[in-house]
1. For Tyr283, state whether it is at pLDDT 95 or above and over 26 Å from Ser38 (Cα atoms).
2. Could you check the range 113-160 for helices (runs of 4 or more DSSP H) lying wholly inside it with 1 or more residues that are under 30 Å from Tyr31 (Cα atoms) and among the aliphatic types (A, V, I, L, M)?
3. Just a yes or no: is a residue in the range 122-130 at pLDDT 95 or above and within 20 Å of the chain's Cα centre (by Cα)?
4. Is there a residue in the range 292-312 that is over 20 Å from Ala179 (Cβ atoms), modelled with pLDDT of 95 or more, assigned to a helix (DSSP H, G or I) and among the β-branched types (Val, Ile, Thr)?
5. Filter the range 241-259 for residues that are over 17 Å from the mean Cα position of the chain (by Cα) and part of a helix (DSSP H, G or I); which is modelled with the lowest pLDDT?
6. State all residues of the range 117-141 that are surrounded by 18 or more Cβ atoms within 10 Å (Cβ to Cβ) and touching a Lys or Arg at 6+ places or on another chain (Cβ under 9 Å); if no residue qualifies, say none.
7. What's the number of the condition Gln39 fails, among (1) crowded, with 19+ Cβ neighbours inside 10 Å; (2) modelled with pLDDT of 95 or more; (3) assigned by TED's automatic domain parsing to the domain that holds Asp334; (4) not aliphatic (A, V, I, L, M)?
Amino acid sequence: MGAAAFGLVASTAAANASATTINEAGSSLVYPLVARWSQAYTGATIAPAAGGSGTGQKDIIGNLVDIGGSDAPMSSANFAADPYGPVEIPWALTATGVGYNIPGVKNGLQLTPTILAQIFTGKITNWNNKAIIKLNKRYAKALRHGGKITPVFRSDGSGDSFAFQNFLYRAAPKIWTTAPTTSFPTTVGVGENGNSGVAGEVHQNKGAIGYISAYYLLQLHINAAAVQNAAHKFELPNPKNIANAAQFNSTIPAQGSAFTNANGVPIQYPSKKQKIAYPISTYTYAIVNKGTSPHGGVSMSDLQAFLNWAVTTGQKYGGALDFVQLPKSIVKQDQALINGL
């Protein structure tokens, strides 16, 4: 299912008459927001493309785009492979939801990190599992008839895969022992390309469960799980809960190895002090090559102007797409990074 199926048409030509085109590619999670920005921003033409966070990183390393979109920080190897001095800027805040298709089960199925780790490693294979029913007694009958579980994961390089794995790695370390990357390490279930692919698979197939960015859950009216956080509360990926998760970490590490080693600005499975936090909340990053312009017509000042607009005025366009406004402390640090390009 392509972006057009979700009403995402980045028609930038009508939005402005600028001869300057800023090309962005990568994260399918942030694509709906950048597409909306492309319609609202008048300082340049914004041309976004959704290809997955792995593509965003690959394209910026190759100096093929002005902005590489990624929900995962660059690995040490990828950072070292980019000779242009990449800068990673958290420019949007949202969540990776867990969507499912179980007849008779509405929104808010309660799932723990342990149960999710067991599902995605093939240890729990049927919805009639006792641990799932114990948590969801009101849906006991539907779950007993829910049949086989089909986990759906991202087959492409994905920041949602990174966020979901980082959550499992932190919250269920005895079961999920693999450190997070943009590649999903299991072949249990079905792999699909992009958020639209995973969302389409879950939407169409009974028994399916997948990790999907919040926007795509909303667009296809896919039921979302209430996931247990560190405070032992079950929370949905709504704006209030995402904002609460963001309170856990408001410091952007130094660029380079410090940023990589810290996993960017991780807000997955935050402290139990964040009592209503949705535990698979995530920042997504604009990766920019410092001091270079791959397309000739884009000056660094053009790029800085757009990025400064995106992290300030542009944030108001995110609410309808299930993005949460960036915390003020992050915005201040973003602006310092942007103005230093």
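1. Working: at pLDDT 95 or above: yes; over 26 Å from Ser38 (Cα atoms): no.
Taking the combined requirement at face value, the residue does not satisfy it.
2. Values: elements: 113-120, 130-135, 140-144.
Output list reads 113-120.
3. In the first step, residues of the range 122-130 are kept if they are at pLDDT 95 or above; the result is 122-130.
Narrowing the set further to residues that are within 20 Å of the chain's Cα centre (by Cα) leaves none.
No.
4. So far as the range 292-312 goes, no, none of its residues is over 20 Å from Ala179 (Cβ atoms), modelled with pLDDT of 95 or more, assigned to a helix (DSSP H, G or I) and among the β-branched types (Val, Ile, Thr).
5. Start the filter on the range 241-259 by keeping residues that are over 17 Å from the mean Cα position of the chain (by Cα), which leaves 247-248, 250-259.
From what's left, part of a helix (DSSP H, G or I): 257-259.
On the way: Ser257: 91, Ala258: 94, Phe259: 94.
Across the range 241-259, the extreme among qualifying residues is Ser257.
6. Ala117, Trp127, Tyr139 - these are the residues of the range 117-141 that are surrounded by 18 or more Cβ atoms within 10 Å (Cβ to Cβ) and touching a Lys or Arg at 6+ places or on another chain (Cβ under 9 Å).
7. Just one mismatch for Gln39, condition (1).
Per-residue answers, yes or no, for (1) touching a Ser or Thr at 6+ places or on another chain (Cβ under 7 Å); (2) assigned by TED's automatic domain parsing to the domain that holds Ala231; (3) not basic (Lys, Arg):
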position	(1), (2), (3)
Ala131	no, yes, yes
Lys137	no, yes, no
Lys141	no, yes, no
Arg144	no, yes, no
Ser161	yes, yes, yes
Leu168	no, yes, yes
Ala171	no, yes, yes
Thr178	no, yes, yes
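The values are calculated or read from the model by the stated rules, or taken from the named source; none is laboratory data. As the structure is a prediction and not an experimental result, all values here were calculated from the model. Positions of Cβ are backbone-derived with ideal geometry, glycine not excepted, and every protein chain shown enters the neighbour counts.
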